[in-house]
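The values are calculated or read from the model by the stated rules, or taken from the named source; none is laboratory data. Note that this is a predicted model, so its numbers are computed, not measured. Note that we place each Cβ from the backbone using ideal geometry, even for glycine, and neighbour counts take in every protein chain shown. Just so you know, the surface numbers come from the protein's heavy atoms only, side chains and all, with ligands and any DNA or RNA stripped out. Shrake-Rupley method; radii C 1.70, N 1.55, O 1.52, S 1.80 Å.
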Amino acid sequence: MSTVTDTPTGALPATATATAPAPASERVPAPRGRRAHTRRRHGFGFWAVAFAFLSVMAFATVPAPLYVIYQARDGFPTFTTTIIFAAYGVGVVGSLYLAGHLSDVHGRKPLILVSIALELVAAVLFLVWNDVTGLIVARLVTGLGVGTLTATATAHLGELRVRATGSSDSAKGASVTAGAVNLGGLSLGALVGGALAEFVGAPLMVPYVVFVVALAVAFVLVLVVPETVARPETRVAYRPQRMQAPEGKAPAFWAAGAAAFAALAVQGLFTSVAPTFLGTTFHVTDRLAAGATTFGVFAASAVSQIVFARLSQRAQIRLGMVLLVGGLAVLAVAAVLLQVAGFIGGGVVAGAGVGLLFRASIASAGALVGPERRGGVLAATFLIAYAGLTVPVVAVGAALLVIPTLPVLIGYVVLVAVLAVIAGTRLAARA
């Protein structure tokens, strides 16, 4: 049976120094007021949270290749698509502001369970209420769940890994996993949504049913994950997330936030209006092709983090800037020359750069404070990042009402590339 211990997080019992290293089956010290569990249970918890993180992030992009179907069915303009997407961004940013930091006080596991429950509600909404109003509400709820999860799961994965291995050095590997799962999940959802829409009947129902099952499994698995945050000794008054840099570390914090903003601005393009660009500019209307394009961009983001994990953080940032800017340049030229392969290929290269820049941003922000404040600082950084996923895309949608597609795309590419270079250079200087 599990026991409750008041041993502070990270502290070892006095007898530990006089004995041989504990076997894998021995319980590890628990945070204050929490149950103690074995290293093996923490190892299982790491993969359970990773699966839940993957499932939630994948569900977030399932509708991306389906927007063209909704648009053809209901006849709404591209700007309406960006409004539906913006509802997701508003949900993410609002949730990060209101609840993204609460896991530092109330624990990681409850916030992750709330996130999964919100995604299940969103999936049901997609199934039963799929006119434009219903899509906006469902995407808002999806965003609320994602915002509750991102910073919480990122922090939880690192803490579970350290407890499972007994080594603080393993936190770096956990951060690679968190970044890969975050962006890899986004890539997987778009591919699954596109493939199911292309090859299975009821394309506006089956993808959501599949994720109802996946999310339900994730919820059950997380129920048995160990908690890693100590219960507070006194009641902590609620306050929203402060958009404030840690004391004395404002330049580093804002450099990380700006780089994360620029990175997700690229991803926003491929989760909202890229399928429309493919259809109107290149006349590619295949649902699987739309999903595969988004998948390629996000998959490159996830894979680059793994492939280049051994590089120093400064080298990753510099390489990320080169790939991001170079990929966007190829994409823009391909759009002018009407070369669909170059458009997709440029997006994939830019996506690889996004992965490196985004991971470095999150790692830099998380390293600014100790574990007791990490959830809050990560939530603030994700809040800035997801503003990059939302605000530029809404601006694109508005611009498309009065300006042709190609000039809007070129302007977007130039602005994002300039911001990435400025923010990345400042981030690299502090790495």
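Residue by residue through region 96-107, note down the ones that are open to solvent by 10 Å² or more (accessible area, probe 1.4 Å) and of a type in the set (S, T, Y).
Answer for region 96-107, where residues must be open to solvent by 10 Å² or more (accessible area, probe 1.4 Å) and of a type in the set (S, T, Y): just Y97.
Going residue by residue through region 153-160, is there one that turns out to be under 19 Å from the mean Cα position of the chain (by Cα), open to solvent by 10 Å² or more (accessible area, probe 1.4 Å) and within 18 Å of S361 (Cβ to Cβ)?
Taking every residue of region 153-160 in turn, at least one turns out to be under 19 Å from the mean Cα position of the chain (by Cα), open to solvent by 10 Å² or more (accessible area, probe 1.4 Å) and within 18 Å of S361 (Cβ to Cβ).
Just for region 375-429: of the residues that are closer than 13 Å to A260 by Cβ and among the small types (G, A, S), which one is surrounded by the most Cβ atoms within 10 Å (Cβ to Cβ)?
Among residues in region 375-429 that are closer than 13 Å to A260 by Cβ and among the small types (G, A, S), the one surrounded by the most Cβ atoms within 10 Å (Cβ to Cβ) is A379.
Name every residue in region 50-82 that is outside any loop (DSSP other than H, G, I, E, B) and farther than 30 Å from T152 by Cβ, in order of residue number.
Those that are outside any loop (DSSP other than H, G, I, E, B) and farther than 30 Å from T152 by Cβ: V68, I69, Y70, Q71, A72, R73, D74, T78, F79, T80.
Sort out which residues of region 197-238 are outside any loop (DSSP other than H, G, I, E, B) and of a type in the set (D, E), and write them in order of number.
Hit for region 197-238 is E198, nothing else.
Looking at L135, L149, L118, L140 in this structure, which one is open to solvent by 30 Å² or more (accessible area, probe 1.4 Å), assigned to a helix (DSSP H, G or I) and touching a Phe, Trp or Tyr at 6+ places or on another chain (Cβ under 9 Å)?
L140
Is it true that T38 is open to solvent by 30 Å² or more (accessible area, probe 1.4 Å) and at pLDDT below 85?
For T38, the condition - open to solvent by 30 Å² or more (accessible area, probe 1.4 Å) and at pLDDT below 85 - is not met.
Show the residue pairs meeting these rules: Cβ distance below 6 Å; 6+ apart or different chains; first residue within region 105-125 and among the acidic types (D, E); second residue open to solvent by less than 10 Å² (accessible area, probe 1.4 Å) and at pLDDT 95 or above.
Sorted first by the residue in region 105-125, then by its partner, the pairs are E119/V56; E119/F59; E119/G145; E119/L215.
Check off (1) open to solvent by less than 20 Å² (accessible area, probe 1.4 Å); (2) more than 28 Å from A260 (Cβ to Cβ); (3) in contact with a Lys or Arg (Cβ under 9 Å, 6 or more places away or on another chain) for Y208 and give me the number that stays unchecked.
Checking Y208 against (1) open to solvent by less than 20 Å² (accessible area, probe 1.4 Å); (2) more than 28 Å from A260 (Cβ to Cβ); (3) in contact with a Lys or Arg (Cβ under 9 Å, 6 or more places away or on another chain), the one that fails is (3).
Just a yes or no: is a residue in region 291-307 touching a Pro at 6+ places or on another chain (Cβ under 6 Å), small (G, A, S) and open to solvent by less than 10 Å² (accessible area, probe 1.4 Å)? Give the steps one after another, and end with the answer.
Going residue by residue through region 291-307, those that are touching a Pro at 6+ places or on another chain (Cβ under 6 Å) are 291.
Retained after the next criterion (residues that are small (G, A, S)): 291.
Cutting the leftovers down to open to solvent by less than 10 Å² (accessible area, probe 1.4 Å) gives us 291.
For region 291-307, residues touching a Pro at 6+ places or on another chain (Cβ under 6 Å), small (G, A, S) and open to solvent by less than 10 Å² (accessible area, probe 1.4 Å): present.
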